[in-house]
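A short reminder: the numbers here are calculations on the coordinates, not readings from a lab. Fair warning: this is a prediction, and the values are worked out from it, not measured in the lab. Here the Cβ positions follow ideal geometry from the backbone for every residue, glycine too, while neighbour counts run over all protein chains shown.
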Amino acid sequence: DALAADLGELHARLEEHLDEEEQHVLPVVGQTITPTEWDELAERGFAAMPKRRALVFLGHILESASPGERSRFLLKRVPPPVRLLYRLIGRRAFTHETAALRAALPHSMKTPASFTPPGQKTEKRTP
């Protein structure tokens, strides 16, 4: 399947790019942008997003976070009513949408390795 091969290549290159960005760009951002400015940037991004997409987007944020980051983010940044809406509606919408988008991908690319759906227990990993 040519499309799946092309998507696999795109995924590999994007992952490499994002890894480099995390190693080289984010440290500079952390030294340059204040927490207040970072919060303002996030607020602008959310304001520009259609409200009907917010709960699905929350799923994407949670997917790429470690279990500890996920817990801190949900407790500090997401109001209780939104957490409830995510549990009732958003998680299902996110799961449905990402499953459809990733259906043609090889199994190893369908879910990031760090992702454990919120509410599921994680295995303790030893270094």
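For region 78-95 and region 10-68, write down the distance between their C-alpha centroids in whole Å.
Spelled out, the Cα-based centre of one part sits 19 Å from the other.
Along Cα→Cβ, 7 Å out, is where each label goes; now give me the distance between the ones at ALA4 and LYS76 in nm to one decimal.
For the pair ALA4/LYS76, the computed spacing is 4.1 nm.
What is the extension gain from VAL25 to ARG102, computed as 0.36 nm multiplied by their sequence separation minus the C-alpha to C-alpha distance, in nm to one decimal? List each step's numbers first, then the result.
Values: separation 77, 0.36 × 77 = 27.72 nm, distance 2.79 nm.
Taking VAL25 through ARG102 to full extension adds about 24.9 nm, to one decimal.
Tell me, what are the semi-axes, in whole angstrom and largest first, of the equivalent ellipsoid of region 43-101 as set by the roots of 5 times the Cα gyration tensor eigenvalues?
17, 15, 12
Assuming R0 = 25 Å, what is the FRET efficiency of ALA12 and HIS60, from their Cβ-Cβ distance, to the nearest 0.05? Working shown, then result.
Working: r = 20 Å, r/R0 = 0.78.
Calculated transfer efficiency: 0.80.
In whole Hz, with x marking every Gly and Pro, tabulate ³J(HN,Hα) for region 66-78 from phi via Karplus 6.51 cos²θ - 1.76 cosθ + 1.60, θ = phi - 60°.
6, x, x, 4, 4, 4, 4, 4, 4, 6, 8, 10, 10
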